[in-house]
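**Q** Below: one structure in structure tokens.
We did not get these values from a lab; they are worked out from the coordinates using the rules stated. Here the structure is a predicted model, which is why all the values come from computation and not from measurement. Because the Cβ atoms are built from the backbone with ideal geometry, glycine has one as well, and the counts that use them run over all protein chains shown.
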């Protein structure tokens, strides 16, 4: 049931025929390719050496690239994390990606560290990524930023292969700052394991078009947005909630973003946001919970520039179930918000 809903058949769809004057222009719409991503940055001794081609310390180049990358990744509801390797260090744990929050994480990466007498345990560092991957669901993009050098521990390519065998929904994309043949070979082989995207860090720093292409190849597809034509039904999809929760999960924000886009294009349309619960608990408690769920969607639409005057909320508690099947996987469809359209 959950997989069915994720594919676009949200609950509580109401169709209303509206007379719209003419068709709107077709625009490209961003569709996420992944559910989560991890920026996986090499902080080994070699990354604090000078990049002869760019005449700068590699890590300082990386921090500049991270800032550019952060401003290019669209906020499409991804879960994002920032993790360092060699040694392993979690800077930002997995959370809904927001550009401003990630900026703070980049500041924690040191500009300078000791170079000599430091090992470069790239293989063990990739193995340690298991700590983060174990907490993330869905399709994951791991973006490894490194010069590919390793002088101790297990082989990085072997460890990346083992990680992909354990987590088949992961793809290792690479951004290389390698200047030595050994490092270039290692980085290339890691990206080739899953036929993932490989890029040169210098190319991304020197060309906005190269950076845009990398982000598009890793993070999203662009598809034509269907125009709203005269007398075409307007469809607004509902969303679901976890048991006893009223916060909107990241996976449902893309659905609400589509709804908000439709409402912005059709300013004469109003909505009633209806909250519902499953049958567990008292009527009084569920009534309040359903109202909170409706209010969460209301507040999300406000954040997307939908006028408060166009929206109303109502909570129905457990009085209007979609199913009365007691199994929890079936009850999940009752924990929902439906969005009804009017003029």
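**Q** Sort through 55, 131 and tell me the only one that's out of contact with any helix residue (DSSP H, G or I) (no Cβ under 9 Å at 6 or more places or on another chain) and more than 21 Å from residue 204 (Cα to Cα). Can you show your working first?
**A** On the way: 55 fails: more than 21 Å from residue 204 (Cα to Cα).
Going through 55, 131 in turn, just one is out of contact with any helix residue (DSSP H, G or I) (no Cβ under 9 Å at 6 or more places or on another chain) and more than 21 Å from residue 204 (Cα to Cα): 131.
**Q** Going by the conditions given, is residue 272 crowded, with 19+ Cβ neighbours inside 10 Å and either under 22 Å from the mean Cα position of the chain (by Cα) or part of a strand (DSSP E or B) (or both)? Break it down stepwise before answering.
**A** Values: crowded, with 19+ Cβ neighbours inside 10 Å: no; either under 22 Å from the mean Cα position of the chain (by Cα) or part of a strand (DSSP E or B) (or both): yes.
Judged against the criteria, residue 272 is not a match.
**Q** Hey, any hits in segment 45-65 for a residue that's under 17 Å from the mean Cα position of the chain (by Cα) and either part of a helix (DSSP H, G or I) or closer than 23 Å to residue 209 by Cα (or both)?
**A** In the first step, residues of segment 45-65 are kept if they are under 17 Å from the mean Cα position of the chain (by Cα); the result is none.
No, every residue in segment 45-65 fails to be under 17 Å from the mean Cα position of the chain (by Cα) and either part of a helix (DSSP H, G or I) or closer than 23 Å to residue 209 by Cα (or both).
**Q** Evaluate segment 172-187: report whether one residue or more is over 17 Å from residue 128 (Cα atoms) and free of Cβ contacts under 8 Å to residues at least 24 places away in the same chain.
**A** Yes, that holds for at least one residue.
**Q** From the set of residues in segment 69-101 that are assigned to a helix (DSSP H, G or I) and either touching a strand residue (DSSP E or B) at 6+ places or on another chain (Cβ under 6 Å) or in contact (Cβ under 8 Å) with a residue 40 or more places away in the chain (or both), which is surrounded by the most Cβ atoms within 10 Å (Cβ to Cβ)?
**A** Filtering segment 69-101 for residues assigned to a helix (DSSP H, G or I) gives 69-72, 99-101.
Retained after the next criterion (residues that are either touching a strand residue (DSSP E or B) at 6+ places or on another chain (Cβ under 6 Å) or in contact (Cβ under 8 Å) with a residue 40 or more places away in the chain (or both)): 69, 72.
On the way: 69: 21, 72: 16.
The qualifying residue surrounded by the most Cβ atoms within 10 Å (Cβ to Cβ) is 69.
The rows are residues; the columns are (1) more than 27 Å from residue 36 (Cβ to Cβ); (2) touching a strand residue (DSSP E or B) at 6+ places or on another chain (Cβ under 8 Å).
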residue: 241; (1), (2): no, yes
residue: 254; (1), (2): no, yes
residue: 263; (1), (2): yes, yes
residue: 303; (1), (2): no, no
residue: 311; (1), (2): yes, yes
residue: 314; (1), (2): yes, yes
residue: 332; (1), (2): no, yes
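**Q** Please work out which residue is nearest to residue 272 (Cα to Cα), limiting yourself to segment 301-317 and to residues that are over 30 Å from the mean Cα position of the chain (by Cα) and buried (at least 17 other Cβ atoms within 10 Å of the Cβ).
**A** If we take residues in segment 301-317 being over 30 Å from the mean Cα position of the chain (by Cα) and buried (at least 17 other Cβ atoms within 10 Å of the Cβ), then 316 is nearest to residue 272 (Cα to Cα).
**Q** Related question: Given the structure, is residue 291 more than 25 Å from the chain's Cα centre (by Cα), within 27 Å of residue 77 (Cβ to Cβ) and part of a helix (DSSP H, G or I)?
**A** Details: more than 25 Å from the chain's Cα centre (by Cα): yes; within 27 Å of residue 77 (Cβ to Cβ): yes; part of a helix (DSSP H, G or I): yes.
Here the answer is yes, as residue 291 does meet what is asked.
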